[in-house]
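Right, one structure below, let's go through it.
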Amino acid sequence: MTREFYQEPLVSRYTSIEMQKIFSEQSKFETWRRCWIALAEAQHELGLTDIVTRAMVDELKKNEKTINFDVAAQKEKEIRHDVMAHVYAYGKQCPTAEPIIHLGATSQFVGCNTDLILQRNALALIKKGLVNVIANIAAFCRKYKRLATLGYTHYQPAQPTTVGKRHTLYIQDLIMDLDYIDTLEKQFKARGAKGTVGTQATFIELFKNDHEKVRQLDLLVAKKLGFDQVFAVTGQTYTRKLDMKTAETLAGIGASAHKFAVDLRLLSNLKVQEEPFAKDQVGSSAMAYKRNPMRSERMTGLARKLMGLPANFAATFANQWFERTLDDSAIRRMDIPQAFLLTDAILKLYLNITSGMVVFPKQIERHMRMELPFMATEKILMACVEKGQSRQKMHEIIKKHSIAAGKVVKEEGGDNDLLVRLGEDALIPFSTAELTAMVGTGQEFTGRAAEQTDEFLAEIVEPRLASLHNLLGNVDSELKV
């Protein structure tokens, strides 16, 4: 790696080799050649044997992967056209087939079909990562389904939930993302062989006005490129609406990851749950004791970038004048790979974090002890009524002591002494010991959290993972730095 020039951090620091390879120059230009081979072979098979011979097709196949990059680069400097530069370079390697390379096609024949192939491959990799994150969190939910912890609204203690139940919320978001991927996958079709503005005019000429042959060409090229369907109509390009929906789907994964990462950063501050912390990891250059949630922070930053990309894709789609305008080219070269690389990096972090999250039950218990007396006041009130006391009278007494106990906690930094205050009040028909036993550990206040976790995993998550079992495992979650 040269250190003299800027290096894209998504490549040098954050993303998987698999995703990097999908959007590499080798992958792109090999796929261009696949498109030219598919076109030539389909033309030959549909009867243009006097123009496109079997020898020509075989020669193209022989040189599919041996791309002469230097020849193409030199030609592009001369003619300022990347597709025609690669047609020229391919022709140099295939002198017999040179006359028929790109026959009847426009630049977007290779451009669009290649984009669709690469994005579909990248989406499959994203789906695999997403499924494995869901599996990781599901295992975590099972382990901690009964561990009571404070629930929060407005980031203020509300009612207890369980650690496992809380994490079912993250899974639910990710399953929605998975649903959107399933929908998006159905939208990926080949651009096929449509000609310069999508009318197939050049192919009608080649096939002597045989419309059925031209329709077959479109479908046959698509099949050779691995698609079951083609876009029924296109301009020069496939609709950039698909790019917009792809970006929205990927940004949705980013938003789900962002929500999780921020929550984990807050939990880390409370010292109740943390991301993995490596044995020799340094939390701070100045404060040796610190355990900064750097993976979650990194995930937050990457997600923030990803969530901003859909606006670019929407603007690009909305500005496609008539059959096509070229202002989509430069931004798509950057934003399409970036959207997938960002999502890949985020899922890599998500996998890494959820493979080794640490929970601190004693610290959770400490937080619960501080807040449970307040949360138990309704239960205490009802118990007092069962003992024959007036609800309204008991409510006033409990309210008075609650305000006083809250003042001790907030203004004096003391412990929550509400149960002691109530137990020592002669009008309350319970001792401090009885009230303490009544409040318990907080498990009694978690409602159906554990049962909901079991039901959600059994009815929603496990069947979904079972249907995608081929995607489970064999994922790299090792971080570079």
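The values are calculated or read from the model by the stated rules, or taken from the named source; none is laboratory data. Please read these numbers as outputs of a predicted model, since none were measured by experiment. Here Cβ is always computed from backbone atoms with ideal geometry, including for glycine, and neighbour counts include all displayed protein chains.
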Report task. Return a yes/no flag: does segment 140-155 have any residue that is within 26 Å of the chain's Cα centre (by Cα), crowded, with 21+ Cβ neighbours inside 10 Å and part of a loop (DSSP other than H, G, I, E, B). Result -> yes
Report task. Could you check VAL439 against (1) within 30 Å of PRO276 (Cα to Cα); (2) buried (at least 19 other Cβ atoms within 10 Å of the Cβ) and say which number it fails? Result -> (1)
Query - Unique residue being within 29 Å of LYS128 (Cα to Cα) and in contact (Cβ under 8 Å) with a residue 12 or more places away in the chain when the list is GLU59, GLU64, GLU41, GLU45 - result: GLU64
Report summary line: The residue that is surrounded by the most Cβ atoms within 10 Å (Cβ to Cβ), considering only those in segment 376-386 that are touching a helix residue (DSSP H, G or I) at 6+ places or on another chain (Cβ under 6 Å) and assigned to a helix (DSSP H, G or I), is CYS384
Query raised in the report: Taking into account only those residues within segment 327-367 that are assigned to a loop (DSSP other than H, G, I, E, B) and not polar (S, T, N, Q), which is farthest from the chain's Cα centre (by Cα)?
Result: PHE360
Query raised in the report: Filtering segment 295-327 down to residues that are among the polar types (S, T, N, Q) and within 18 Å of PRO337 (Cβ to Cβ), which residue is surrounded by the fewest Cβ atoms within 10 Å (Cβ to Cβ)?
Result: ASN312
Report summary line: The lone condition LYS145 fails out of (1) modelled with pLDDT under 95; (2) in contact with a helix residue (DSSP H, G or I) (Cβ under 9 Å, 6 or more places away or on another chain); (3) not small (Gly, Ala, Ser) is (1)
Report summary line: Within segment 34-82, the residues that are surrounded by fewer than 19 Cβ atoms within 10 Å (Cβ to Cβ), among the aliphatic types (A, V, I, L, M) and part of a helix (DSSP H, G or I) are ALA55, VAL71, ALA73, ILE79
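Each row is one residue, and each column tells you yes or no for (1) in contact (Cβ under 8 Å) with a residue 24 or more places away in the chain; (2) under 30 Å from ARG13 (Cα atoms); (3) among the acidic types (Asp, Glu).
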{"residue": "GLU378", "(1), (2), (3)": "no, no, yes"}
{"residue": "ALA383", "(1), (2), (3)": "yes, no, no"}
{"residue": "HIS395", "(1), (2), (3)": "no, no, no"}
{"residue": "LYS399", "(1), (2), (3)": "no, no, no"}
{"residue": "VAL408", "(1), (2), (3)": "no, no, no"}
{"residue": "LEU422", "(1), (2), (3)": "yes, no, no"}
{"residue": "ALA449", "(1), (2), (3)": "yes, no, no"}
{"residue": "GLN452", "(1), (2), (3)": "yes, no, no"}
{"residue": "PHE456", "(1), (2), (3)": "yes, no, no"}
**Report entry** Matching residues in segment 309-326 - criterion: being farther than 15 Å from THR246 by Cβ, touching a residue at least 40 places away in the same chain (Cβ under 8 Å) and part of a helix (DSSP H, G or I)
**Finding:** none
Query - Residue, surrounded by the fewest Cβ atoms within 10 Å (Cβ to Cβ), within segment 165-199, restricted to residues that are at pLDDT 95 or above and within 20 Å of ILE37 (Cβ to Cβ) - result: LYS189
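Kindly indicate whether LEU225 is surrounded by 17 or more Cβ atoms within 10 Å (Cβ to Cβ), over 30 Å from MET294 (Cβ atoms), modelled with pLDDT of 95 or more and out of contact with any Phe, Trp or Tyr (no Cβ under 9 Å at 6 or more places or on another chain).
Numbers: surrounded by 17 or more Cβ atoms within 10 Å (Cβ to Cβ): yes; over 30 Å from MET294 (Cβ atoms): yes; modelled with pLDDT of 95 or more: yes; out of contact with any Phe, Trp or Tyr (no Cβ under 9 Å at 6 or more places or on another chain): yes.
Yes.
List the helices (runs of 4 or more DSSP H) that sit entirely inside segment 387-481 and contain at least 1 residues that are assigned by TED's automatic domain parsing to the domain that holds ALA345 and hydroxyl-bearing (Ser, Thr, Tyr).
Details: elements: 391-412, 418-424, 432-439, 449-456, 462-467.
Result: 462-467.
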Query raised in the report: THR453 is checked against (1) surrounded by fewer than 18 Cβ atoms within 10 Å (Cβ to Cβ); (2) at pLDDT 95 or above and fails just one. What number does that condition carry?
Result: (1)
